[in-house]
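To keep things clear, I will list the structure first and then write my remarks on it.
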Amino acid sequence: MGTMFISYLHHSTDLLYRAKALSVRAQKETKYKIRITYGGQNQITSILKGWLAGQKAMLVTTPTVNNLYGKAIAKALQNAGIDLSLKELDCTEESKTLSQAERVCAWAQEVGIDRKGVLVSLGGGVCMDIVTVAASLIHRGIKYLRVPTTLIGLVDAGIGIKGAVNFGNAKNYLGCYSPPSKVLIAPLFLRTLSEERLREGFAEILKIALVRDGALFELIENDGLALIDSRFEDLSVSAKLILQYSIFTMIDELKSNIYEDQTYERSVDFGHTFSPTIEVETQYKLSHGQAVSIDIALSTVLAHHFGLIQIEYRDRILSLMKRLGLPIYTRKLTATLCKKSLLRASSYRGGHPNLVLPTDKGKSYFVKDAALIDDEILDESIRVLAEVDE
Ligand SMILES: NC(=O)c1ccc[n+]([C@@H]2O[C@H](COP(=O)([O-])OP(=O)(O)OC[C@H]3O[C@@H](n4cnc5c(N)ncnc54)[C@H](O)[C@@H]3O)[C@@H](O)[C@H]2O)c1
Ligand SMILES: [Zn+2]
């Protein structure tokens, strides 16, 4: 009896001692499927039917997309026996807010989405971002599918693991890393997208091309304009190549640092240092894609200024942007705005702005010291852009 007590005491003391320094280490695999279909609406519905069978689902879409596709897809799924509710969320960049995400949560609760339920977002980046945040909150994270309907959605916003809402005066201030369970990429949706929105998509495609893929840059030079004009309608080889190159390269870039915890040097941040401030300071009058485009143009001029690229390459990029109808300048672009952006970027990139500048085709360089980008360099670069813009 006495020995047992001593041994018990010994163990307890040992436990008490060790419990002061517990460390927890656990891992969760990130795995999701991105399926590309060049089929029509029946094909899209049939894939979704397979993915949703046996689950309670709620599809969230925006008014325009609902009228064009949402109602028909939801009806076809319901007719096929899928337990699905359809919700229309009127959301824009100005209303990409937490209360919109809360609204989605309230609907989910109302229709009885439990832990095994699944959300589906059908729409552009704004709708997908809001639904991603909602899905990550419900029961601390339920399954969700993404069906992007804009070009930005297809090549960028739809395929990563991030969701966010704007908060206070900051873009994407609240958000999550929350992988979708599946993503369906269907270029069919691009047929109804406005020319302006298609152009914005090309800003993100150009982003990835300039810093990661020289071949993609040449494809855009050759066929970009025709694809905007035709709204990807004929799905030519180059249309498929541009889409697939963009998606594969983006995923390849994201994969090694998907939770953004390995390095603050992310080449996909190209075009995303000045753009959030441009969006906020224009009260979102300039869209995400337009702001990214102006950021790409400015970064290109800065790259030339630092001797990272030849003037011929700088002008080749700027003239391609103009040919595609991408904005390269706004009067709102000032040295003050840029410095504010660099400071803001430093606050979430480990203390350095890590401004991404293009070097050779498909390569990039990170500027780590904000002091290198002084007023004079910024004023001069902005002046160049204003001049080229005329
Ligand atoms: N989470 C991420 O990783 C990530 C990545 C990139 C961008 N984003 C976010 O995405 C947002 C931008 O997304 P966006 O450019 O898709 O804009 P958006 O979501 O505002 O959609 C643009 C407009 O297109 C309309 N639309 C959508 N699909 C259509 C279709 N098929 N036919 C006709 N009209 C259609 C919509 O009604 C909307 O008015 C920004 O908030 C940005 O921050 C997120
Ligand atoms: Zn972007």
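Computed from the coordinates by the stated procedures, all read-outs in this text should not be read as laboratory data. Just so it is clear, the structure is predicted and the values come from calculations on it, not from any experiment. Heads up, the Cβs are rebuilt from the backbone with ideal geometry, glycines too, and the neighbour counts pull from every protein chain shown.
Of note:
- Note on the chain: Rg/Rh from C-alpha atoms, Kirkwood Rh, equals 1.06.
- Radius of gyration and maximum dimension Dmax of the stretch 79-207, Cα, Å: 14.4, 44
- DSSP beta bridges in the chain [antiparallel fraction, %, rounded to 5]: 30 percent
- Model label sites at E195 and D114, defined 7 Å from Cα along the beta-carbon direction, differ in position by 5.3 nm.
- Considered as an equivalent ellipsoid built on the Cα gyration tensor, the stretch 25-98 has semi-axes of 23, 21, 14 Å, the largest given first.
- When +1 charges are put on Lys and Arg Cβ atoms and -1 charges on Asp and Glu Cβ atoms, the dipole computed for the chain relative to its Cα centre reaches about 1740 debye.
- Two-site label geometry, Q262 and K240: point separation in nm, points 7 Å out along Cα→Cβ: 3.0 nm
- Sparse packing (at most 15 other Cβ atoms within 10 Å of the Cβ) combined with a DSSP loop state is found for the following trypsin sites (Lys or Arg not before Pro) in the stretch 111-191: R115, K116.
- The chain - percent relative contact order, Cα under 8 Å, separation 6 or more: 13 percent
- Alpha-carbon centroid distance for the pair the stretch 20-57 / the stretch 90-106, whole angstrom: 23 Å
- Percentage of interatomic Cα-Cα distances in the stretch 50-136 larger than 18 Å: 38 percent
- Each residue, D379 and D90, gets one label point 7 Å from its Cα in the Cβ direction; the gap between the two is 4.6 nm.
- Here the dipole of the stretch 146-286 is about 500 debye; that uses its Cα centre as origin and unit charges on the Cβ of Lys and Arg (positive) and Asp and Glu (negative).
- The chymotrypsin sites (Phe, Trp or Tyr not before Pro) found in the stretch 32-88 that occupy coil by DSSP, while having at most 16 further C-beta atoms within 10 Å, are Y32, Y38.
- Förster radius 30 Å - calculated FRET efficiency between T97 and S230, Cβ distance, rounded to 0.05: 0.25
- Inter-part distance where the stretch 143-159 and the stretch 339-390 are each reduced to a Cα centre, Å: 28 Å
- Fraction of alpha-carbon pairs over 18 Å apart in the stretch 288-390 - percent: 44 percent
- When the stretch 114-182 is reduced to its Cα atoms, the Kirkwood hydrodynamic radius in Å: 11.8 Å
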